[in-house]
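Take a look at the structure set out below.
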Amino acid sequence: MPKVSQEHMDARRRQIVDAARARFTSHGFARTSMADIVAGSGLSNGAIYRYFTSKDEIVVAVCEQGGEAFPEALTAEAVAGFLEHVRIRARETGHARLVAQIYAEAAVSPQLADVVQQQLAALRAAVAELVPDHRRQHAEQIAEGFTALCMSYSQQLAVRGDLDPAPFTAALMSIIDG
């Protein structure tokens, strides 16, 4: 039997995660079965179970695959661009609905909670690194507030639909500028 390349295995894994992401976004975790993921991926049951032993493992893989285009600076322009990116992903791919579901599931899944906590810690650390020198002594507080408001914007996009990011940009700049 020929060996399968790592690239092929990575592509199959992405195919499964992408199918699961699409299904989770449209139907939620609870209303998605392994059979739905199998059907969406176009692979066999055996192929799915070769990469993941359960739906919970797939949920974690979907969460680990996440990430946003974080701003390179904490300027009004960069922050506005970041929030616009979040808005576009919410509108075009349902990403905000998926994030809302991940947070809800993390409340009852310690494994997923660990992944989410690591991602939030990384976001806070990235923000703290960008805090202007004159606000350095408040970097941790700024990072905490920035992260909380960004998560709130995402959650509101999930529930309320398309929202103008301008008021959120102004609030974030208030947090950054003091």
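Yes or no, residue by residue, for (1) closer than 30 Å to residue 178 by Cβ; (2) open to solvent by 40 Å² or more (accessible area, probe 1.4 Å); (3) at pLDDT 90 or above:
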| site | (1), (2), (3) |
| --- | --- |
| 39 | no, yes, yes |
| 57 | no, yes, yes |
| 67 | yes, yes, no |
| 88 | yes, yes, yes |
| 92 | no, yes, yes |
| 145 | yes, no, yes |
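Pick out the one residue from 107, 126, 100 that is of a type in the set (A, V, I, L, M), more than 13 Å from the chain's Cα centre (by Cα) and closer than 17 Å to residue 155 by Cβ.
107
Considering every residue within segment 108-124, establish whether at least one is in contact (Cβ under 8 Å) with a residue 60 or more places away in the chain, over 20 Å from residue 21 (Cα atoms) and open to solvent by less than 50 Å² (accessible area, probe 1.4 Å). Walk me through how you get there before you give the answer.
Pass one, segment 108-124, residues in contact (Cβ under 8 Å) with a residue 60 or more places away in the chain: none.
The answer is no; no qualifying residue exists.
Does residue 13 satisfy the criteria of being among the basic types (Lys, Arg) and under 16 Å from residue 94 (Cα atoms)?
On the way: among the basic types (Lys, Arg): yes; under 16 Å from residue 94 (Cα atoms): no.
No, not satisfied.
Does residue 80 satisfy the criteria of being aliphatic (A, V, I, L, M), surrounded by fewer than 18 Cβ atoms within 10 Å (Cβ to Cβ) and out of contact with any Phe, Trp or Tyr (no Cβ under 7 Å at 6 or more places or on another chain)? Step through it out loud before you land on a result.
Numbers: aliphatic (A, V, I, L, M): yes; surrounded by fewer than 18 Cβ atoms within 10 Å (Cβ to Cβ): no; out of contact with any Phe, Trp or Tyr (no Cβ under 7 Å at 6 or more places or on another chain): yes.
So residue 80 does not fit the description; no.
Considering only residues that are within 16 Å of the chain's Cα centre (by Cα), of a type outside the set (S, T, N, Q) and open to solvent by 30 Å² or more (accessible area, probe 1.4 Å), which ones fall in segment 15-37?
18, 21, 22, 23 - these are the residues of segment 15-37 that are within 16 Å of the chain's Cα centre (by Cα), of a type outside the set (S, T, N, Q) and open to solvent by 30 Å² or more (accessible area, probe 1.4 Å).
The values are calculated or read from the model by the stated rules, or taken from the named source; none is laboratory data. Because the structure is predicted, anything quoted here is derived from the model rather than measured. Don't worry about glycine lacking a Cβ; one is built from the backbone with ideal geometry, like all the others, and counts go over all protein chains shown. The protein model used for the area step is the full one, side chains on, heavy atoms only, and it has no ligands, DNA or RNA in it. Shrake-Rupley method; radii C 1.70, N 1.55, O 1.52, S 1.80 Å.
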